[in-house]
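Contents: one structure, followed by commentary.
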Amino acid sequence: MIKLINLALAGVVAGTIFMANANADAKQAPKPEAAAEPNQLYNTVAELDTLVFDAFNRCAEPGQLDKHAGFFAPDVEFYHDNGGVTWTRDEMIAGTRNNVCGKFSRELVAGSLKVYPIKGFGAIAQGSHRFCQFASGKCEGLADFTMIWREQEGKWQLTRVLSYGHRPAP
């Protein structure tokens, strides 16, 4: 009986220590925008998101598609759950030219953007976006995204883009 009580107490102590360590680890886990200067990284990536999609939304206008293309590395990989994969900027931009320009725009869902630093490389941006048809003015599509931004010598470019979970907007 004493052995059983000792085993039970040992289990309680071990569980308490485990939970205390788990809680300490959870408290120490960085928030999405954690970095040396979290607000600066978040603000930088949020501004980049605005710029890249401003050009995307106006890509039917002269010069805007080229401006949009400049935000992507030449070897960018773009993964789209419905459209498949493109392996280069040229392929991706051709798809944008043929399927997007003059047809619809992209809007970031307010409050959805999360930014995570990648030490020595750049940042991960995650969020949700909606798509609005120019012809009807209706925002009927919604999807999630993950984008990998690389910073080199002060220039930021997208190296990987995932657009997934496409669904009708509520």
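The values are calculated or read from the model by the stated rules, or taken from the named source; none is laboratory data. Worth saying up front: this structure is predicted, and the values here are computed from it rather than measured. Every residue, glycine among them, receives a Cβ derived from its backbone with ideal geometry; neighbour counts consider all protein chains shown. Please note that ligands, DNA and RNA were not included when accessible areas were found on the heavy atoms of the full protein model with its side chains. Shrake-Rupley method; radii C 1.70, N 1.55, O 1.52, S 1.80 Å.
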Practice problem: Take every DSSP beta bridge with both residues inside region 48-170 and express the antiparallel ones as a percent of the total, to the nearest 5. | Solution: 90 percent
Quiz item: Taking a probe of 1.4 Å, how large is the accessible area per residue of region 49-110, in Å²?
Solution: 52 Å²
Quiz item: Got the relative contact order for region 52-124 handy, in percent, Cα pairs under 8 Å and 6 or more residues apart?
Solution: 28 percent
Self-check item: Cross-link table Lys103/Lys155; Lys114/Lys138; Lys119/Lys155, entries beyond 24 Å C-alpha to C-alpha
Solution: Lys103/Lys155; Lys114/Lys138
Self-check item: Filtered chymotrypsin sites (Phe, Trp or Tyr not before Pro), region 69-149: DSSP coil and at most 14 other beta carbons within 10 Å
Solution: Trp87, Phe121, Phe134
Quiz prompt | Dipole magnitude of region 41-108 about its Cα centre (Cβ charges: Lys, Arg +1; Asp, Glu -1), debye to nearest 20 | solution = 220 debye
Exercise. With the full set of protein chains in place, find how many percent of the accessible area of region 91-170 is carbon and sulfur; take the probe as 1.4 Å.
Key: 53 percent
Exercise. Can you list which of the GluC sites (Glu not before Pro) found in region 120-154 are DSSP loop residues with at most 11 other C-beta atoms within 10 Å?
Key: Glu153
